[in-house]
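We did not get these values from a lab; they are worked out from the coordinates using the rules stated. Nothing here was measured: the structure is a model prediction, and the numbers come from that model. For neighbour counting, all protein chains shown are included, and Cβ atoms are generated from backbone atoms with ideal geometry for every residue, glycine included.
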């Protein structure tokens, strides 16, 4: 029972934090909420028997990627006036249409998962099993992922370098 | 001497080229000398050739070079010379020379003096090629050449758009006939394998039966060309309008030479027409219908040149009638005499117009008898010949035609009677012209009488018109001999007396006014008839409604390319969509995202319709 | 951990909700930073669904895909943030609607 209770608490935190993150005017505040959301999801991962995924979620998502965000936001040095303008944009006139679209998509997804039944897990999938799968049948996917990371590295270096050069 | 025959058309052609190239630098005197002299030289050569031919009447052929060689089709530039050619050449160069001389005075003050003589010389060259051609293709070259010159000269004063209109009309209407003729040439070539006139007629007489279908079709196609060129029904409408050109041009082209080319063509190919009696009958009927129609129309015209134009149409109708009844010699004889007296009348009217401030309306003239004596006598003699009064040239030729028409098989008397009626009308309208213009009171004062350059041609033509009937044209070897027996004497007496009756009627109506026709004319029927005849039997109106307007309407429809509109619709649809898509390209990311989400929803909805993707119960 | 019986469809429900919220954020925000964050949320929700499905079948494949998503997210953020810097430098704003030079 404890797990189920924990799951509902974590799920609630994740949803609320995400909604708050999406609606903040200040980027740093939104980021903090997003990190909270990611941590909550990590808890869910742990609860459904994927401790390795939970660890990665915390280390890479909440850690590395979010830190990147923080760095960039700090570099941009956004002021109060930006916040004010962001607030002005959160008007019902703007989000009514997108909300309707999102609602439609959500209801379709709901319909699709409505008949899914049964418990989520029969046991823990350990890091060893994941590692075996990664370097077994998924080795090509790993290669592709590494290529993607390389491309991201080159791209971000290129974009960032020119930015820094101009700044100097 | 006979070898020099090619010089005859070459001299006017060279002169035309020189005049065209040097129009800007040649002095007027030299232009006149070149223009008149070249035709005079051609006339002199023709005279020498004629003397030689008369001494030794042997037709000969002169082949210069092969024009082109395509398979077994090898027309050559070759001339054929016989009695008929000689008559035509004499008329063209002789009358042509006189008209050129006349033109030097008539066109004296015109700025485009050189252009005028260039065209006129070119016309003479083309006309000579036409009559001298040994094969039908070369004849066609000359045929088209005179057509072009006619176009250029009718529209000579092109600054007035009406003249350009008239020129275009002349060109387009004759083109209809020319197309028929071209088809005829193609048919003759494919069927007989040659276009050399003598060889072709020989082959036709061997291969074709009298009264067969092929000769009939070929003759009718040739007749189409002749009808177009000679302004016969139903293609005559261009000739009255062609009077927009300078008057000497009307005399040369639209009276003496070019319009008789159709007569020449039929006479030249008479060997074919003899194979198609039906075609000959049609020729005769076309001639009769035309001569009556034109005579009635001429009776009502008020423009001096239009009267003469309709009378020309009418007289060519006589020639066609003669050809149709097989009176070849009489037809060509009438061609020659007509060339004399009609050129005389046209030149006379040219003199009047020239010295009467370009006045064309005969009712604004009058009383010119004493003021312009040379012109008066020219008109008297010309009209007498036109009306075929005894002892004039027209009398001899027309009399022959009528007598031979009377002897024509079944409908001979009918043709004779029609011709007689035409002769009566001819006498009335020609002397109406004389009485109205030269007698009565003067309405406009002339600037003087003709100078020597006008007087000499007029007097020469007067002489020719008087004595032309005594000429014996050397065509006995060309045409089959007509039947020798004469019709009853009363026929001859009637033929002689009818023109005299016509002159008497004209005198009573227009001069002494003892015969008052005003009551008839002013009645409603008379008025309607007058308008009908004045408009040339409404044929222009009819053609306008039947061809010109539908053509304009169709071209108006096609102007906007309706077929293209279908493809234009495709373009328009594409452009509309493009416009919409451009509008959607706002550059706002959020719109793109929203549309992507919308697409996702639609796709997902569609995907859920596939049974395999639908959620199933207990899919755990 | 015997007796774990968190219903699978509840997790998928959470995942769907997260995805919808992220998408909504993507559509209503104009600031590029927030757009990137919304993308992260969406990727994360998809990862959650994968992991849950993997756990449901007791297979590691779900977590393998999770790692691939993680890779994609990392690369995307790296490039995306580089672009954020460029946009800020060129347009002096992070408003996406201002950077609409590609308008048709």
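Return the average number of partner chain Cβ atoms within 10 angstrom of each residue Cβ along peptide B:581-593.
Mean number of neighbouring Cβ atoms from other chains: 5.
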(request) Could you let me know the centre-to-centre spacing of the stretch C:1-72 and the stretch B:188-261, using Cα atoms, in angstrom? (result) 97 Å
(message) Given points 7 Å out from each Cα along the Cα-Cβ axis, report the residue B:278 to residue A:127 separation in nanometres with one decimal.
(response) 11.3 nm
(request) Just grab the label-to-label distance for residue B:467 and residue B:3, each label 7 Å out from Cα along the Cβ direction, in nm (one decimal). (result) 3.5 nm
(request) Return A:5, B:46 ranked ascending by Cβ neighbour count within 10 Å, so the fewest neighbours appear first. (result) A:5, B:46
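Between residue A:146 and residue B:609, what's the calculated FRET efficiency when r is the beta-carbon distance and R0 is 45 Å? Round to 0.05.
With R0 = 45 Å, the Cβ-Cβ based efficiency is 0.70.
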(message) Neighbour counts of other C-beta atoms within 10 Å: give me A:111, A:33 arranged from fewest to most.
(response) A:111, A:33
(request) Would you mind getting me the FRET efficiency between residue B:165 and residue B:591? Use the beta-carbon distance for r and R0 = 51 Å, nearest 0.05. (result) 0.20
(message) Compute the angle between helix B:161-192 and the longest alpha-carbon principal axis of chain B, please, reported from 0 to 90 degrees and rounded to the nearest 10.
(response) 90 degrees
(request) In a Gaussian network model over chain C where Cα atoms closer than 10 Å are linked, find which of C:24, C:70, C:39 has the largest mean-square fluctuation. (result) C:24
(message) Just checking the output field for A:18-25: average partner chain Cβ neighbours within 10 Å of each residue's Cβ?
(response) 6
(request) Per DSSP H run of at least 4 residues, take -39500 (n - 2.57); add these up for chain C, divide by its residues and hand me the 222 nm value, nearest 500 deg cm²/dmol. (result) -26500 deg cm²/dmol
(request) For residue B:545 and residue B:521, calculate 0.36 nm times their separation in residues minus their Cα-Cα distance, and state this gained length in nm to one decimal. (result) 5.8 nm
(request) Give the distance, in whole Å, between the Cα centre of the stretch B:113-138 and the Cα centre of the stretch B:575-609. (result) 76 Å
(request) Once you have the Cα-Cα distance between residue B:303 and residue B:414, take 0.36 nm times their residue separation minus that, and quote the gain in nm to one decimal. (result) 36.8 nm
(request) Quick one: compute the contact order of chain C, relative version, from alpha carbon pairs under 8 angstrom and 6+ residues apart, as a percent. (result) 26 percent
(message) Rounded, prolate or oblate for the stretch B:72-146? Axes are the square roots of the Cα gyration tensor eigenvalues, ordered a ≥ b ≥ c, and the cut-off for rounded is a/c under 1.5.
(response) oblate
(message) Could you sort the peptides B:174-184, B:346-356 by per-residue average Cβ neighbour count (10 Å cutoff), highest mean leading?
(response) B:346-356, B:174-184
(request) Could you check which residue among A:41, A:59, A:142 shows the biggest mean-square fluctuation in a GNM of chain A with a 10 Å Cα cutoff? (result) A:142
(message) Which residue fluctuates most in the GNM of chain C (Cα springs below 10 Å): C:14, C:87, C:79?
(response) C:79
(message) Compute the distance from the alpha-carbon center of the stretch B:157-182 to that of the stretch B:397-426, in whole Å.
(response) 32 Å
(request) Please state, to two decimals, what the Cα-based radius of gyration of the protein assembly as shown comes to when divided by 2.2 N^0.38 Å (N = residues). (result) 1.80
(message) No solvent, one uniform scatterer per C-alpha: report log10 I(q)/I(0) for the stretch B:178-288 via the Debye equation at q = 0.12, 0.18, 0.19, 0.22 1/Å, two decimals.
(response) -0.43, -0.85, -0.92, -1.14
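Can you put B:553, B:115, B:268 in order of Cβ neighbours within 10 angstrom, beginning with the fewest?
Going from least to most buried by this count: B:553, B:115, B:268.
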(request) Please determine, in degrees from 0 to 90 and to the nearest 10, the orientation of helix B:213-229 with respect to the longest principal axis defined by the Cα atoms of chain B, where the helix direction is its Cα long axis. (result) 80 degrees
(request) Grab the beta carbon distance between residue B:512 and residue B:456, set R0 = 25 Å, and tell me the FRET efficiency rounded to 0.05. (result) 0.10
(message) So if I average 1/r over every pair of distinct C-alpha atoms in the stretch B:278-413 and take the inverse, what Kirkwood radius in Å does that give?
(response) 15.5 Å
(message) Restricting to Cα pairs below 8 Å that are 6+ residues apart, what does the relative contact order work out to for chain B? Please round to a whole percent.
(response) 12 percent
(message) Students often check this: by mean Cβ neighbours within 10 Å, which of B:557-568, B:393-404, B:18-29 ranks highest, and how do the rest follow?
(response) B:393-404, B:18-29, B:557-568
(request) Extending each Cα 7 Å along its Cβ direction at residue B:111 and residue B:198, get the distance between those two points in nm, one decimal. (result) 5.1 nm
(request) Over chain A, calculate the relative contact order: mean separation of alpha carbon pairs under 8 Å at least 6 apart, over the residue count, as a percent. (result) 20 percent
(request) Sort chain A into rounded, prolate or oblate with this rule: let a ≥ b ≥ c be the square roots of the eigenvalues of the Cα gyration tensor; rounded if a/c is under 1.5, and if a/c is not under 1.5, prolate when a/b is larger than b/c, oblate otherwise. (result) oblate
(request) Measure nothing but the geometry: give the 0 to 90° angle between the long axis through the Cα atoms of B:96-106 and the longest principal axis through the Cα atoms of chain B, rounded to 10°. (result) 80 degrees
(request) Would you compute, from DSSP H runs of 4+ residues alone, the mean residue ellipticity of chain A at 222 nm, taking -39500 (n - 2.57) per run and dividing by the full residue count, rounded to the nearest 500? (result) -25500 deg cm²/dmol
(message) Which of the three applies to the stretch C:16-88, rounded, prolate or oblate, going by the alpha-carbon gyration tensor with a ≥ b ≥ c and a/c under 1.5 meaning rounded?
(response) oblate
(message) Restricting to DSSP H runs of at least four residues, report the calculated mean residue ellipticity at 222 nm for chain B, -39500 (n - 2.57) per run over all residues, nearest 500 deg cm²/dmol.
(response) -22500 deg cm²/dmol
